[in-house]
Amino acid sequence: MTSASNNTGAVTSNSCGPLQGRVHVPGDKSISHRSLILGGLAIGQTRVTGLLEGEDVLCTAEAMRQMGANIEKVSPENWVINGVGVGALQEPTKVLEMGNSGTAARLLMGVVAGAPFNTYFAGDTSLHKRPMKRVATPLTKMGATITSRSGDRFPLCVTGHDLMPITYELPVASAQVKSCVLLAGLDTPGITTVIEPKPTRDHTENMLRHFGAEISVVTAADGSRVISYEGQQELTGADIIVPGDPSSAAFLAVAAAILPGSDVTIENVGLNPLRDGLFETLGEMGADIKIENIRNSGGEQVGDIRVKGGLLKGIEVPPERAISMIDEYPVLFVAAAFAHGSTVMKGLEELRVKESDRIAVMAAGLKACGVQLEELEDGLIVHGRAVPPKGGATVSTELDHRIAMSFLILGMASEKGVTVDDGSVMETSFPGFTTLMNNLGANIGRTNAP
């Protein structure tokens, strides 16, 4: 087996036998970001166990340090945060670098919107392409000023002011926009309300409660949700155990499902019902997947996911399920390539404005690997066959971590290996991905330069 401890440069995944073992995946990225932000805004100490130490989350940690929070790693599994309190942020002395993280960017824009200073944001090439108007619009309505030389995109400056509470109806269901507005409302007098047309991941609401805040969540007759929060409540430091990230567990689940004879258990995975769509979909496709040892931890449901290899069948995935698995669609496209029959996946417009245009990039890479498909404006129809895809292609990641990992999963079960042009991007969300996969039986390694 080839070692792949250094993922810089091209990385190749070759066909392998069944995967076997019990593993943990890195901590949930969404919860890790929010732990650092709310811990940094709380009074007292917050101890976080299992924080995801990917590049995206470390950008959030450094940004909160720049604004006065004391954040330290005190042991291999534990971080300690001593917060500054709501309304007591310090002006950062340099530009806040967000790297590749849209979550860090959009949430922190909300955090600083009411602070009495200028905050400058920048990121990598990929982040600079992503639209920020979706958060700039409500923040401007609340009274902040957003300035950018490139329209609504990074780099930009947020000039904070005393904000006014608003009632904001999301044009498109988005947990990032919802969270941005709620975070902006923390130091705002009065009640800030967000109305979302469909329920999105509710980690921000859960964590605000965990830090002692009162927040109202009401489901309307039409299925929309109304979230209200009265500003200027004091947050109190609270310990957090971060569960395994279901978006990371998705890669292992698909890999085990498409490799006959596999038997993999992914322990301590977050099973928030607003984020479990991928596992439900795999089950509908015929995967042998079981959820075991379900329990509650820090306001979040967690459990162990056991997946055995077998035959998958093509299905039509309900478009309304997209909100519960939007980040998992790239690897679901891979699962569909190994399913017998066609898998129809629509309602995925949001994938066009992620770290890359994930519909276009995945379609191009899958075609290069011999997969038959139809690209739609809002998704893909993948035509699976009785034989595995041929593979053999080198795929551009477009600086997108989920693209890289999805095609490495494809290479594990295709006729020929699959190469991605840059493995370093995986560090943003899944540090140690290749090592973990190889320990289960994969054959992933760095590709020698010609």
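With Cα atoms defining each centre, the stretch 116-170 and the stretch 27-66 are spaced 21 Å apart in the structure. Dividing the summed helix terms, -39500 (n - 2.57) for each DSSP H run of n ≥ 4, by the number of residues in the chain produces a 222 nm estimate of -8500 deg cm²/dmol to the nearest 500.
The C-alpha atoms of the chain define a longest principal axis, and helix 246-258 lies at about 10 degrees to it.
Less than 16 Å from a label point 7 Å out along the Cα-to-Cβ axis of Arg352: which backbone N atoms in the stretch 105-149 qualify, by residue? The answer is 130-134, whose backbone nitrogens lie closer than 16 Å to the label point. Placing a label point 7 Å from the Cα of Glu214 along the Cα-to-Cβ line, the residues of the stretch 129-173 whose backbone N sits under 19 Å from it are 165-166.
Computed on the chain, with alpha-carbon pairs under 8 angstrom and 6+ residues apart, the relative contact order is 21 percent. Placing a pseudo-label 7 Å from each Cα along the Cα-to-Cβ vector at Glu280 and Asn439 gives an inter-label distance of 3.2 nm.
Is the shape of the stretch 29-241 rounded, prolate or oblate, going by the alpha carbon gyration tensor and its root eigenvalues a ≥ b ≥ c, with a/c under 1.5 for rounded and a/b larger than b/c for prolate? Rounded is the answer for the stretch 29-241, as its axis ratio a/c remains below 1.5. In this structure, the amide hydrogen of Lys390, modeled 1.01 Å from its nitrogen in the peptide plane, lies closer than 5 angstrom to those of Glu415, counting only residues at least 5 positions away or on a different chain. Extension gain for Thr147-Gln372 works out to 76.6 nm (0.36 nm per residue, less the C-alpha to C-alpha distance).
Rounded to the nearest whole Hz, the Karplus-based 3J(HN,Hα) values (6.51 cos²θ - 1.76 cosθ + 1.60, θ = phi - 60°) of the stretch 176-192 follow the sequence 5, 5, 3, 5, 4, 5, 4, 5, 5, x, 4, 10, 9, x, x, 9, 9, with x at glycine and proline. What the phi angles of the stretch 65-75 give under the Karplus curve with 6.51, -1.76 and 1.60, with θ = phi - 60°, is a coupling list of 4, 4, 9, x, 6, 9, 10, 9, 8, 9, 7 Hz, glycine and proline written as x. Annotation: amide H of Ser297 within the under-5 Å range of Val302, sequence separation 5 or more or interchain, hydrogens built in the peptide plane. Amide H contacts for Gly68 (H built 1.01 Å from N in the peptide plane; partners 5 or more residues away or on another chain; cut-off under 5 Å): Gln90.
To the nearest ten degrees, helix 102-112 and the longest principal axis of the Cα atoms of the chain are 10 degrees apart. Under a Cβ-Cβ cut-off of 14 Å, what is the net charge of the residues other than Gly143 that fall near it, where Lys and Arg count +1 and Asp and Glu count -1? My count for the surroundings of Gly143 gives -1. Could you name the lysines whose alpha carbon sits less than 16 Å from that of Lys390, not counting residues in the same chain fewer than 8 places away? Of all the lysines, those that pass the test against Lys390 - Cα under 16 Å, at least 8 places apart if same chain - are Lys367, Lys416. Centre-to-centre separation between the Cα atoms of the stretch 183-217 and those of the stretch 317-386: 32 Å. Remark: the stretch 122-130, residue by residue, has Karplus-estimated 3J(HN,Hα) of 8, x, 7, 4, 5, 5, 5, 8, 8 Hz, where x stands for each Gly or Pro and the curve is 6.51 cos²θ - 1.76 cosθ + 1.60 at θ = phi - 60°.
Note on the chain: with a GNM built from Cα contacts shorter than 10 Å, the maximum mean-square fluctuation among Phe430, Phe154, Phe117 falls on Phe117. Neighbours of Thr192 by Cβ distance under 12 Å: Lys/Arg scored +1, Asp/Glu scored -1, total 0.
So for the chain: antiparallel DSSP bridges make up what percent, rounded to the nearest 5? Just about 75 percent of them are antiparallel.
Any read-out appearing in this document is the output of simple, stated calculations on the displayed coordinates, not a laboratory observation. Keep in mind that this is a model prediction, so the values were computed, not measured. Every residue, glycine as well, gets a Cβ built from its backbone with ideal geometry; the counts of neighbours run over all protein chains shown.
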